[in-house]
Amino acid sequence: LPETGTYYVEVDGTFSQTTANYTLDVDRVTPNENDQFAPNDGFNSAAVIPEGFNDAQIVGGESDFYQIDANATDALSLEVININGNDANVALRLYDSNRDTLNTDDTSVAQDLSITRKLPETGTYYVEVDGTFLQTTANYTLDVDRVTPNENDQFAPNDGFSSAAVIPEEFNDARIVGGESDFYQFDANATDG
C-alpha cells in the first residue's frame, strides 16, 4: 500500500443481468506476516542481510531492499533462486552507497537471476529484489556471497597497478570475479624475450 489510510474494495456486477453469490477473501499482510526482513521496502529500511541463502517473500509487487557492507577488494555475488508464486516476475538490482545502480540487466520473467560484480569502493551496498508488476506475489531465496580476496585466488587483491602481484615464471592459476581486472608484475631485462 502506498500510504496509511482507509482503502475501499468494489465488487462490481459488470452487466445489468449479473446475479452471483461470491466470497470475498481479504488478507491484510502485515510486515510480521511477510518475511523476517520486512518492512524493507526502500533504501532507508533496507534489511541487513547475511551471506548465504536467505528466504523471503514479495507481496503485491513490492520491492525488497537489503544492505551489506563490503570492501573495495571484494566482489559481490548475488542470485535469486527458487522463485515460486503467481505472476513471479522479478528484477534483481545492485546499488552502490550513493544509491546508483551497478547493473543494467535487471529484469527477468520467472527465472533465476544473478549478478556478480567487483566492488568499486569500500562501503554499504544495496540489493533490490523487485516485484515488477503490482500483482507479483512470490517466495524466493536470495543467495548472497561476499567474495573476499582470500576466497578469490592466491594473487588477490591485485586489482590495480599499485597492488599488482609478483608473478613467477611458470603456469599460474587465477580467477576473475565480477568483471575485475587482475594485475601482475615481473622483472625482466632488455635482452629478454
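For the condition assigned to a loop (DSSP other than H, G, I, E, B), open to solvent by less than 90 Å² (accessible area, probe 1.4 Å) and in contact (Cβ under 8 Å) with a residue 24 or more places away in the chain, Gly13 does not qualify. Picking from residues in the range 114-171 that are small (Gly, Ala, Ser) and in contact (Cβ under 8 Å) with a residue 60 or more places away in the chain, the one that is nearest to Asn84 (Cα to Cα) is Ala138. When the range 127-154 is filtered for residues that are closer than 19 Å to Ala75 by Cα and either among the small types (Gly, Ala, Ser) or within 19 Å of the chain's Cα centre (by Cα) (or both), the ones remaining, listed by number, are Val127, Glu128, Val129, Leu142, Asp143, Val144, Asp145, Arg146, Val147, Thr148.
Exactly one residue among Arg175, Arg146 is closer than 15 Å to Ala70 by Cβ and of a type in the set (Lys, Arg), and that residue is Arg146. Scanning the range 16-38 for residues that are open to solvent by less than 80 Å² (accessible area, probe 1.4 Å) and in a loop (DSSP other than H, G, I, E, B) yields Thr18, Ala20, Val29, Thr30, Asp35, Phe37, Ala38.
Here's the yes/no breakdown for (1) surrounded by fewer than 18 Cβ atoms within 10 Å (Cβ to Cβ); (2) modelled with pLDDT under 95:
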| position | (1), (2) |
| --- | --- |
| Glu121 | yes, yes |
| Tyr126 | no, no |
| Asp130 | no, yes |
| Phe133 | yes, yes |
| Asn139 | yes, yes |
| Val147 | no, yes |
| Asp153 | yes, yes |
| Ala156 | no, yes |
| Ala164 | yes, yes |
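Of the residues making up the range 50-80, those that are more than 22 Å from Arg175 (Cβ to Cβ), part of a strand (DSSP E or B) and among the aliphatic types (A, V, I, L, M) number 3. The single condition among (1) modelled with pLDDT of 90 or more; (2) part of a loop (DSSP other than H, G, I, E, B); (3) touching a helix residue (DSSP H, G or I) at 6+ places or on another chain (Cβ under 9 Å) that Asn98 does not meet is (3).
Could you say whether any residue in the range 172-183 is farther than 24 Å from Leu102 by Cα and in contact (Cβ under 8 Å) with a residue 60 or more places away in the chain?
For the range 172-183, residues farther than 24 Å from Leu102 by Cα and in contact (Cβ under 8 Å) with a residue 60 or more places away in the chain: absent.
The values are calculated or read from the model by the stated rules, or taken from the named source; none is laboratory data. Because the structure is a prediction, the values reported are computed rather than measured. FYI the Cβ positions are ideal-geometry reconstructions off the backbone, even for glycines, and counts take in every protein chain you see. Only protein heavy atoms, including side chains, enter the accessible area calculation; ligands, DNA and RNA are left aside. Shrake-Rupley method; radii C 1.70, N 1.55, O 1.52, S 1.80 Å.
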